[in-house]
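Structure first, commentary second.
The values are calculated or read from the model by the stated rules, or taken from the named source; none is laboratory data. Quick caveat, the model's predicted, so the values are computed rather than measured. For neighbour counting, all protein chains shown are included, and Cβ atoms are generated from backbone atoms with ideal geometry for every residue, glycine included. Heads up: the accessible areas ignore ligands, DNA and RNA and are worked out on the full protein's heavy atoms, side chains in. Shrake-Rupley method; radii C 1.70, N 1.55, O 1.52, S 1.80 Å.
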Amino acid sequence: MATQVEHRVERYITTDRVRHFINGEFVAGEGGETFETINPATAEPIARVASGGKAEIDRAVAAARRAFDDGPWRRMPVKERARALRRIADLIDKHTDDISALETLDTGLALAQTRKAQVPRAADNFRFFAEMATKMHDGETHPVDATYLNYTTHRPVGVAGLITPWNTPFMLETWKVAPCLAAGNTCVMKPSKWSPLSAHKLAETIQEADLPPGVFNLVQGSGAGAGAPLVEHPDVQLISFTGSTETGQEIIGRGAPTLKRFSMELGGKSPTVVFADADLDRALDAAIFGIFSLNGERCTAGSRLLLEDSIHDEFVGRLLKRVERIRVGDPHDLATEVGPLIHRDHLAKVLGYLDIARAEGATVAAGGTRPDDPALARGNYLRPTVLLNVTNDMRVAQEEIFGPVLSVLRFRDEAEALRIANGTKYGLAAYLWTGDVSRAHRFAPEIESGMIWVNSQNVRHLPTPFGGMKWSGIGREGGHYSFEFYCETKNICIAIGEGHIPRMGAHDEERVAQGARSDA
Ligand code: NAD
């Protein structure tokens, strides 16, 4: 059943001119420059968006700095801060239908997924980190005999720059904003140019929740125009970045002169490893969902499927039948499972990988072309694609394609499976399917990735650490790990006894005292 969707952006947000949000107000920006955001399903422009640069970043950082240094946010009782964040969560719940429709309009993600999973998860992020902030352990004590007492305390760091990608943008933005603000920091967020609309909606929601001005600021624009000056700004202490590994590398370089603290959530090429002894029905469901949900534009996508030799042919047969039946179509149709890719340039990149796959000797066994339906001709659609005969040295096994493309590899035994699973530069997620509990415990810790799911799809539980190793990232966020990033841990040492204090420069006094003693 197709949902009636209004394509006028004013239906979802209060303006047709998408602007920056600085110091509690929506502003157009200095030069009045704008860019267009395009509907990936139709190639039609949806809205014009203010394009920020150094001037807007400077204003936004100054507002965030004032709000941090002089405003009430970091000083208010944590329960009050938590209440403000819960107001945002309640407003997200109230506006779920609008936010999810807007997100789908701007990104092409299937409405069934934005409405049921991504937007509710955004509200959960605010509720969870509000609760965490009230329970944060503060802190440890380290007594030294009866002489000193050390205790640790957590304090907000200051102004954070939050730089986000276009895949599941609303959820990922709240994943950063919620813990950042819960800890008492203020922030400037810079969303991707390909998905500016739900970020605007987040600013409207925060305005409606009545946060003090300057606590949350939003500057729209490109990476080079707005992202780079944010990273370089001397008044910004923290950068939480989610995006590609290449951009992450550049940001670390740019932030070095002002010694930023970084959290880096980067790319992936995650393996799904299926042993013959696994529950193959569940493994098949999870392998398909793991790569084709969210249009394959998912950092933790199981983009490499590793099959044990003895089950390879049968598993692939079942896989291909199912993949051919995945419903590709209008992302606003609640029956659609795969929508259009975010942008024409991204579709071209993904299609380019199919040429590379063929040239390298892989076989395109399902999909590989755009759908025949003329109604989809203008959108950035690609049929879900399966590549067979892939070996781990091929580029399609090594590089992040970030679309609905699954590379299938085979292995003989556990040792080879592990070698292939670990044989990329990335290390974000891994999925292991086996009915052998000893193998699960033996194999899982050896996989070089930050997150490993055993006999499970990608189930996120907010207290758990999220992040990657190798080229997939630096640091972890989630649960108390987010607070380790968004807080300064300070040690305070109190003398509670007469601890020894060396007396420098006191030699004369000592001699006089000794002389007085010998005279006596
Ligand atoms: P991207 O790296 O192109 O852009 C991400 C953000 O960085 C955008 O807002 C962009 O404008 C900004 N940017 C670009 N150049 C910049 C610069 N020089 N200085 C400051 N900011 C700059 O990534 P993308 O294409 O938007 O997103 C897809 C990538 O994100 C994929 O690689 C995916 O794996 C990764 N990702 C990772 C995670 C994770 O948690 N590990 C989650 C989602 C997406």
Interchain or long-range residues, amide H under 5 Å from ARG19's placed H: ALA50
21 Å Cα-Cα threshold exceeded, pairs from LYS190/LYS260; LYS94/LYS116; LYS190/LYS269; LYS54/LYS190; LYS135/LYS201: LYS190/LYS269; LYS135/LYS201
Per-residue ³J(HN,Hα) for segment 377-385, Karplus 6.51 cos²θ - 1.76 cosθ + 1.60, θ = phi - 60°, Hz, x for Gly and Pro: 4, 8, x, 8, 8, 9, 5, x, 10
Inter-part distance where segment 334-356 and segment 7-77 are each reduced to a Cα centre, Å: 28
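Given the DSSP H assignment, sum -39500 (n - 2.57) over each helix run of at least 4 residues in the chain and divide by its residue total; what's the result at 222 nm in deg cm²/dmol, nearest 500?
The helix-only estimate for the chain comes to -11500 deg cm²/dmol at 222 nm.
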Antiparallel bridge percentage (DSSP; both residues within the chain; nearest 5): 45
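Using Cα pairs closer than 8 Å and at least 6 residues apart in sequence, work out the relative contact order for segment 312-378, in percent.
25
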Convex hull (Cα only) mean projected area of the chain, reported in nm² to one decimal: 30.7
Probe 1.4 Å, accessible area per residue of the chain, Å²: 42
Portion, in percent, of the accessible area of segment 279-322 that falls on carbon or sulfur, probe 1.4 Å: 51
Residue (of ILE99, LEU109, ASN167) at the positive-pole extreme of the chain, dipole from beta-carbon charges: ILE99
Computed E for ALA506/ALA256 - FRET, C-beta separation, R0 41 angstrom, nearest 0.05: 0.40
Check: the chain dipole with +1 on Lys, Arg Cβ and -1 on Asp, Glu Cβ, in debye: 360
Amide hydrogen neighbours beyond the local backbone of LEU306, cut-off 5 Å, H modeled: THR272, VAL273, VAL274, LEU409
Charge dipole (debye, nearest 20) of segment 440-520; +1 at Cβ of Lys and Arg, -1 at Cβ of Asp and Glu: 440
Distant-in-sequence amide H partners of GLY427 (H built 1.01 Å from N, under 5 Å): LYS269, MET469, TRP471, SER472
